[in-house]
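Trainee: Sending over a structure as structure tokens; questions will come in a sec.
The values are calculated or read from the model by the stated rules, or taken from the named source; none is laboratory data. Note that the structure is a prediction, hence the values are computed from the model and not measured. Quick reminder, even Gly has a Cβ in these numbers, built from the backbone with ideal geometry, and neighbours come from all protein chains shown.
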Amino acid sequence: MHPDLVAISNLWQADVTIDRLKAEIEGLIRGETRGAQRVEEATAAATTTKTTQLDVRKKVLANEQDLNSFTQVRDRTRAMLSDGSAPNYAAAERQLVAAAARIDTLETEGLELLEALDVAVAAQKAAEAEKVAALAALAAAREARASREAAARSELVDATGAQLDVAKLLPHDLRAPYAELRRKRRPALVNVAEGVCVSCQTLVPPHRSNEVKMSRALHSCAGCGGYLLP
Ligand SMILES: [Zn+2]
């Protein structure tokens with residue numbers, strides 16, 4: 001390999017190692033942040049669904065109480081009408097009709113409320129389950145971070161030191177084009193297969209490939225700027 005290509009390759013490997021470690025550390029932190037966010041959302045949802053469930057339950061109870069009292073009114077009125085003890089027969093009849101109508105409405109509402117309660121209970125159950133899962137995921141993310149972050153940071157310090165050492169060995173005229181490749185997040189080294197750059201499919205003149213293979217010259221791809229590997 002051409003000595004300049006060796007210098008680029010060493011620097012590239014050092015930079016890739018640094019990128020990988022940084023991404024790993026960011027991933028550990030992001031995992032915990034997202035885990036905490038999920039717990040927060042799940043806790044809020046569990047609280048909301050519990051409140052909803054309790055509200056619906058209260059409405060069910062109120063409906064049952066109303067139903068009981070109107071049933072009593074209806075039954076009492078019906079008894080007074082049948083034993084002739086109603087002080088005002090016509091008023092008692094109207095009261096009976098009104099009570100029966102109210103009972104119909106309350107029974108319909110009661111069925112709807114029971115359905116709503118089923119839905120609210122299921123939602124609360126699901127929210128509680130999600131909260132448990134979120135807490136477990138957060139614990140796992142914290143565990144992953146605790147067990148790896150310090151070592152990864154220490155590896156990053158070493159890798160950064162090693163990168164500085166190999167960066168010094170890169171010839172001056174290659175520093176700007178290398179930095180440009182890094183800035184564009186492009187690979188600094190590219191393979192050539194069947195006469196084209198594997199990275200960007202640009203044709204590579206055979207004499208260039210040959211010079212690279214014979215370690216006679218350093219060439220970069222005309223398309224992506226990556227340095228051709230032998
Ligand atoms: Zn290319």
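Trainee: When you check R145 against the structure, is it closer than 20 Å to L21 by Cβ, away from the ligand (no atom under 16 Å from the Cβ) and outside the structural domain of T17 (by TED's automatic domain parsing), yes or no?
Mentor: Here the answer is no, as R145 does not meet what is asked.
Trainee: Just to be sure before I move on: is A222 farther than 15 Å from L5 by Cβ, surrounded by fewer than 17 Cβ atoms within 10 Å (Cβ to Cβ), of a type in the set (A, V, I, L, M, F, W, C) and more than 11 Å from the ligand (Cβ to nearest atom) in the structure I sent?
Mentor: It is false that A222 is farther than 15 Å from L5 by Cβ, surrounded by fewer than 17 Cβ atoms within 10 Å (Cβ to Cβ), of a type in the set (A, V, I, L, M, F, W, C) and more than 11 Å from the ligand (Cβ to nearest atom).
Rundown of residues vs (1) outside any helix (DSSP H, G or I); (2) within 16 Å of the ligand (Cβ to nearest atom); (3) out of contact with any helix residue (DSSP H, G or I) (no Cβ under 6 Å at 6 or more places or on another chain), yes/no style:
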position: A126; (1), (2), (3): no, no, yes
position: V132; (1), (2), (3): no, no, yes
position: A137; (1), (2), (3): no, no, no
position: A140; (1), (2), (3): no, no, yes
position: A152; (1), (2), (3): no, no, no
position: D158; (1), (2), (3): no, no, yes
position: D165; (1), (2), (3): no, no, yes
position: Y178; (1), (2), (3): no, yes, yes
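Trainee: Quickly run through the stretch 91-122 and pick out the residues that are without any contact (Cβ under 8 Å) to a residue 12 or more places away in the chain and not polar (S, T, N, Q).
Mentor: Within the stretch 91-122, A91, R94, V97, A98, A101, D104, L111, E112, E115, D118, V119, A122 qualify.
Trainee: Restricting attention to the stretch 55-71, which residues are under 22 Å from V97 (Cβ atoms) and touching a residue at least 40 places away in the same chain (Cβ under 8 Å)?
Mentor: Once the filter is applied, which keeps residues that are under 22 Å from V97 (Cβ atoms) and touching a residue at least 40 places away in the same chain (Cβ under 8 Å), the stretch 55-71 yields N63, D66, L67.
Trainee: So how many residues does the stretch 86-124 have that are outside any helix (DSSP H, G or I) and out of contact with any helix residue (DSSP H, G or I) (no Cβ under 8 Å at 6 or more places or on another chain)?
Mentor: Matching residues across the stretch 86-124 total 2.
Trainee: Picking from T48, T77, T33, which residue would you name as being out of contact with any Ser or Thr (no Cβ under 9 Å at 6 or more places or on another chain) and farther than 30 Å from A141 by Cα?
Mentor: One residue alone meets the criteria, T77.
Trainee: If I filter the stretch 198-217 down to residues being more than 16 Å from the ligand (Cβ to nearest atom) and of a type in the set (A, V, I, L, M, F, W, C), which single residue comes out as nearest to the chain's Cα centre (by Cα)?
Mentor: A217
Trainee: Condition (residue is surrounded by 13 or more Cβ atoms within 10 Å (Cβ to Cβ), under 16 Å from V6 (Cα atoms) and modelled with pLDDT of 95 or more) applied to the stretch 175-184: is it met by at least one residue?
Mentor: Scanning the stretch 175-184 turns up at least one residue that is surrounded by 13 or more Cβ atoms within 10 Å (Cβ to Cβ), under 16 Å from V6 (Cα atoms) and modelled with pLDDT of 95 or more.
Trainee: Can you name the number of the only condition in (1) small (G, A, S); (2) in contact (Cβ under 8 Å) with a residue 12 or more places away in the chain; (3) away from the ligand (no atom under 16 Å from the Cβ) that G195 fails?
Mentor: Answer for G195: the failing condition is (3).
Trainee: Testing G84 on (1) modelled with pLDDT under 95; (2) of a type in the set (G, A, S); (3) surrounded by 14 or more Cβ atoms within 10 Å (Cβ to Cβ), one condition comes back false. Which one is that?
Mentor: (3)
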